[in-house]
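Down below is the structure, laid out as C-alpha cells.
The values are calculated or read from the model by the stated rules, or taken from the named source; none is laboratory data. It should be emphasised that the depicted structure is a prediction, and the values quoted were computed from it without experimental measurement. Note that each Cβ is placed from the backbone with ideal geometry, even for glycine, and that neighbours are counted across all protein chains shown. Surface areas here come from the heavy atoms of the whole protein model, side chains and all, with no ligands, DNA or RNA. Shrake-Rupley method; radii C 1.70, N 1.55, O 1.52, S 1.80 Å.
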Amino acid sequence: MKKQLLIIPSILFVLILSTFFYLLIIERNPSELPSNLLNKNVPNFKAESLLKNENFVSSKEFGNEIILVNFFATWCSPCRDEHVYIKRFANEKGIRVIGINYKDNSNNAIEWLKNLGNPYSDVPIDKDGRIAIDWGVYGIPETFIVKSKGIIKYRHVGPITKKIYKKINLLIREIEQ
Amino acid sequence: MTNKTFIIIISIFLIQFFLNSSYTVEPDEVLENQKQELRARDISKNVRCMICQNQSIDESNAPLAKDLRIIIRDKIKEGNNDKEIYKFLTDRYGDFILLKPPLKLSTLALWFLPFIFFIIGFFIVFVNNKKSKKI
C-alpha cells in the first residue's frame, strides 16, 4: 500500500513538467494580453479630423460594416513597417480603415500619408493620447477589428506582419459569416 | 578595509535603501492640495505601467505612465473616489493594470492555494512525525 502511494509524487512531477513543456512549445506570447474591451462597444469619442473639415464623431462612424481601427503616428517606425498591410486591407480587401493619429504633429502626418499613400477613410486626431487610453491602448501601433454595431472583436498590439495580416483576414471572414 | 570605512559604506547603502521613494512624478504634475497629491501617489503605486509591466506608474517615466498619472490627478480634482478611479482604469486595461490581483471568483485559487498547500504540508509533517515517534 505504502509503496504504491510513493508513485503519486512522481506522477505529479511528470504532470507538472509536461504542462510547462507544453506551454513552452506552443506558439504563445505571454506578454500578449487580450483587450478588456473585447465584445464591448467602441468608446465614444469626438475628435478633430486630420483630412476633413468636420469633426470625427465615433457614434456616427461605427455601425453596419466591419471596420479596422489603427492607432499610428509618424514618429513610430513599426507603424511605417505595417503601412503596406494597412494599405492592402483598404485597397485589396475593401475594408474601411480608420487611422487614429496618436500624439503626432499634424503636418508631419499629412506629409507621411501623402508619401506613403493614405489607406484611411478618416483620421481622427488624438493629440494628448486620451482617446487611446479609452481604447486601452498601451503602445502603438495597435489595431482593432470592430464589427457591426460597433463591437470590438479583436485587438492586435504591435505592427501587422505578414502572419498577422493573414490572421486578421481570417478573423474578418469568420466574423462576416 | 578598516572598520570605519565599512560602517560608512553600509550606512550609505542603508540611507539609499530607505530614501528610495522614487521621484518620477514631475513637478508640473504635482497637485497643490497635499492631501489630494498623497492620494494620487497612493493610487499610482498600485497601478501597473502597462509598457514596463513590473513597475508602477509612480516609478515609471514612460509617457503612458505620465498620462495615467495626470488622469488620476484630474479625476481626484473632479471629486472621484478611489474606487471610481480604479474602475476607470480596469474598464480600459483590465485587472492586469492593478499590481495586486483583486480577490474574485477567478482568482480564488491564486489567493488561497498557498494556504491550502501549507495546511496539507503541515498535516503530512504532523502525521509522519507521529508515526516516527511510535517506532
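Figures for the structure shown
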quantity: Verdict on A:Asn70 being touching a residue at least 40 places away in the same chain (Cβ under 8 Å), surrounded by fewer than 10 Cβ atoms within 10 Å (Cβ to Cβ) and under 30 Å from B:Asp91 (Cβ atoms); calculated: no
quantity: Residue tally, condition of a type outside the set (Val, Ile, Thr), touching a residue at least 40 places away in the same chain (Cβ under 8 Å) and closer than 23 Å to A:Asn39 by Cα, over the stretch A:84-121; calculated: 1
quantity: Subset of the stretch B:53-73 [open to solvent by 50 Å² or more (accessible area, probe 1.4 Å) and more than 10 Å from chain A (Cβ to nearest Cβ)]; calculated: B:Asn54, B:Gln55, B:Glu59, B:Asn61
quantity: The stretch B:81-105, subset more than 14 Å from chain A (Cβ to nearest Cβ) and part of a helix (DSSP H, G or I), residue least open to solvent (accessible area, probe 1.4 Å); calculated: B:Asp82
quantity: Qualifying positions in the stretch B:85-128 - over 19 Å from the mean Cα position of the chain (by Cα) and acidic (Asp, Glu); calculated: B:Asp91
quantity: Counted residues, the stretch B:111-132 - those being farther than 17 Å from A:Pro9 by Cα and among the polar types (S, T, N, Q); calculated: 2
quantity: The stretch A:73-83, residues that are touching a residue at least 60 places away in the same chain (Cβ under 8 Å) and either open to solvent by 20 Å² or more (accessible area, probe 1.4 Å) or more than 17 Å from A:Ala109 (Cα to Cα) (or both); calculated: A:Pro78, A:Asp81
quantity: Only listed residue being without any contact (Cβ under 8 Å) to a residue 24 or more places away in the chain and under 30 Å from B:Asn54 (Cα atoms), chosen from B:Ile116, B:Ile120, B:Ile124, B:Ile97; calculated: B:Ile116
quantity: For A:Ser121: the one exception among (1) within 30 Å of B:Tyr86 (Cα to Cα); (2) away from every other protein chain (no Cβ under 14 Å); (3) open to solvent by 40 Å² or more (accessible area, probe 1.4 Å); calculated: (1)
quantity: Residues (touching a residue at least 60 places away in the same chain (Cβ under 8 Å) and open to solvent by less than 40 Å² (accessible area, probe 1.4 Å)) located in the stretch A:135-150; calculated: A:Trp135, A:Gly136, A:Val137, A:Ile140, A:Pro141, A:Glu142, A:Thr143, A:Phe144, A:Ile145, A:Val146, A:Gly150
